[in-house]
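Below is one structure, written out as C-alpha cells, with a few remarks after it.
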Amino acid sequence: MRLSRPDARRRRLSERHATASLHAQIEGAHSLGAQEAHRIIIFDKLLDANSLFLIGNSPAMYVVPDLDLDRDGPTVSEPSAVALGAFNDAYFRYLGDID
C-alpha cells in the first residue's frame, strides 16, 4: 500500500518521536547504571500523572532492558513466569510476546 504524501510525512514524524522517546528512556536507564544487557530497570511503583513517559499505562509494571546485539552479542531473555508483555523495536513495532 502506497501512502499519500501527507500520510508518509506523518508516519516519518511519528517514527522520529518514537525513537526520541526510546533514546531518552535508554539514556535514563544508563544514568541509573543499567548499561549492559544483564542490567535492567524495574519500576517498583505504577505510573501516575507525574511520570515522564510519552505513552505510559498506569496499571502496567514496566521493565526497561537495553538489548543491543551489536554491543552484547546474542542475548537470551528469561522473564519471570508471571511476566506478560511484548518485545518492541526502537519504532515501537511489535517483535514478539514475552512468554
Taking into account only those residues within the range 54-89 that are at pLDDT below 75 and small (G, A, S), which is farthest from the chain's Cα centre (by Cα)?
-> S58
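Can you confirm whether the range 6-13 contains a residue that is among the acidic types (D, E) and at pLDDT below 70?
Within the range 6-13, the first condition is being among the acidic types (D, E), and the residues that meet it are 7.
Add one more test, that the residue is at pLDDT below 70, and what stays is 7.
Yes, that holds for at least one residue.
Yes or no: the range 27-37 includes at least one residue that is modelled with pLDDT under 80, surrounded by 11 or more Cβ atoms within 10 Å (Cβ to Cβ) and in contact with a strand residue (DSSP E or B) (Cβ under 9 Å, 6 or more places away or on another chain). Walk me through it before giving the result.
Within the range 27-37, the first condition is being modelled with pLDDT under 80, and the residues that meet it are 37.
Cutting the leftovers down to surrounded by 11 or more Cβ atoms within 10 Å (Cβ to Cβ) gives us 37.
Cutting the leftovers down to in contact with a strand residue (DSSP E or B) (Cβ under 9 Å, 6 or more places away or on another chain) gives us none.
No - not one qualifying residue is present in the range 27-37.
Could you tell me whether S51 is part of a helix (DSSP H, G or I), surrounded by 11 or more Cβ atoms within 10 Å (Cβ to Cβ), at pLDDT below 70 and small (G, A, S)?
Working: part of a helix (DSSP H, G or I): no; surrounded by 11 or more Cβ atoms within 10 Å (Cβ to Cβ): yes; at pLDDT below 70: yes; small (G, A, S): yes.
So S51 fails the test.
The values are calculated or read from the model by the stated rules, or taken from the named source; none is laboratory data. Note that the structure is predicted; figures quoted are calculated from it, not measured. Here Cβ is always computed from backbone atoms with ideal geometry, including for glycine, and neighbour counts include all displayed protein chains.
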